[in-house]
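Heads up, the thing below is written out as structure tokens.
Any read-out appearing in this document is the output of simple, stated calculations on the displayed coordinates, not a laboratory observation. Note that the structure is a prediction, hence the values are computed from the model and not measured. Note that we place each Cβ from the backbone using ideal geometry, even for glycine, and neighbour counts take in every protein chain shown.
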Amino acid sequence: SQTIHQWPATLVQPVGSPLSLECTVEGTSNPNLYWYRQAAGRGLQLLFYSVGIGQISSEVPQNLSASRPQDRQFILSSKKLLLSDSGFYLCAWSRTREPPYEQYFGPGTRLTVT
Amino acid sequence: LAKTTQPISMDSYEGQEVNITCSHNNIATNDYITWYQQFPSQGPRFIIQGYKTKVTNEVASLFIPADRKSSTLSLPRVSLSDTAVYYCLVYSSASKIIFGSGTRLSIRP
């Protein structure tokens, strides 16, 4: 069976500090990978998606970046956090070849920038 | 990408059938209609997906008219545990999946 991991679960960081969130998937190969952010009481905002190693598409211009160094590893980074980066960060994966392209989400990381 | 419009919130009572309608006027020929459920502090969970007519699984039914410009998620005999946010999405590939604001469903005793 497939499993998706995210860490850390919670994080409190000061403004201007760097960020690294990691997501790994087990039990599947060549998945599509996604990073979403959710502000309190709001919907999910797609930040990045990846269809393969080293292939990253950015949806929202911002101070965040993403990398996919391995097939089942997806990393979200920032060099300097802003207050507006606070939120609930969710990693997800999906199969790629045919519908329903169902997405499976990780447990999330709640980030508070102070 | 097709944009979806759904009610911001809905209220109902335990044991009732709940229908949440989603509008997607610009749906493309290859797009599928998909619904997710999200509980607080959790990622969304896939509920159901359809292309046309009616789809039913163990938790919900999805009704899609012939023009496919709208769809209705039907939850039979809801319980308190169905209180959640429900998202309607339309997409045709796994490369870019965008969530809207969703419908916040509150179930009362």
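Results, tabulated for the structure shown:
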item: Residue satisfying all of: in region A:32-46; part of a strand (DSSP E or B) and surrounded by fewer than 20 Cβ atoms within 10 Å (Cβ to Cβ); nearest to the other protein chains (Cβ to nearest Cβ) among these; result: A:46
item: Selection count where residues are over 11 Å from the mean Cα position of the chain (by Cα) and either in a loop (DSSP other than H, G, I, E, B) or surrounded by 14 or more Cβ atoms within 10 Å (Cβ to Cβ) (or both), scope region A:10-31; result: 14
item: Tally, over region B:1-58, of residues that are of a type in the set (A, V, I, L, M, F, W, C) and in contact (Cβ under 8 Å) with a residue 60 or more places away in the chain; result: 9
item: Every residue from region A:58-100 that is facing chain B (nearest Cβ under 8 Å), crowded, with 19+ Cβ neighbours inside 10 Å and either free of Cβ contacts under 8 Å to residues at least 40 places away in the same chain or not hydroxyl-bearing (Ser, Thr, Tyr) (or both); result: A:88, A:90, A:92
item: Yes/no for residue B:32 being crowded, with 21+ Cβ neighbours inside 10 Å and of a type in the set (Phe, Trp, Tyr); result: no
item: So residue A:110, is it within 14 Å of chain B (Cβ to nearest Cβ), farther than 16 Å from residue B:98 by Cα and basic (Lys, Arg); result: yes
item: Residues being part of a loop (DSSP other than H, G, I, E, B) and more than 10 Å from the chain's Cα centre (by Cα) - total across region A:84-114; result: 11
item: Qualifying position, being of a type in the set (Val, Ile, Thr), more than 10 Å from every other protein chain (Cβ to nearest Cβ) and more than 14 Å from the chain's Cα centre (by Cα), among B:83, B:4, B:29, B:72; result: B:29
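Conditions (1) farther than 22 Å from residue B:98 by Cα; (2) among the β-branched types (Val, Ile, Thr), marked per residue:
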| residue | (1), (2) |
| --- | --- |
| B:46 | no, no |
| B:50 | no, no |
| B:57 | yes, no |
| B:62 | no, no |
| B:72 | no, yes |
| B:77 | yes, no |
| B:84 | no, no |
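Per-residue answers, yes or no, for (1) in a loop (DSSP other than H, G, I, E, B); (2) in contact with a Gly (Cβ under 9 Å, 6 or more places away or on another chain):
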{"site": "B:29", "(1), (2)": "yes, no"}
{"site": "B:43", "(1), (2)": "yes, yes"}
{"site": "B:47", "(1), (2)": "no, no"}
{"site": "B:73", "(1), (2)": "no, no"}
{"site": "B:85", "(1), (2)": "no, yes"}
{"site": "B:99", "(1), (2)": "yes, yes"}
{"site": "B:105", "(1), (2)": "no, no"}
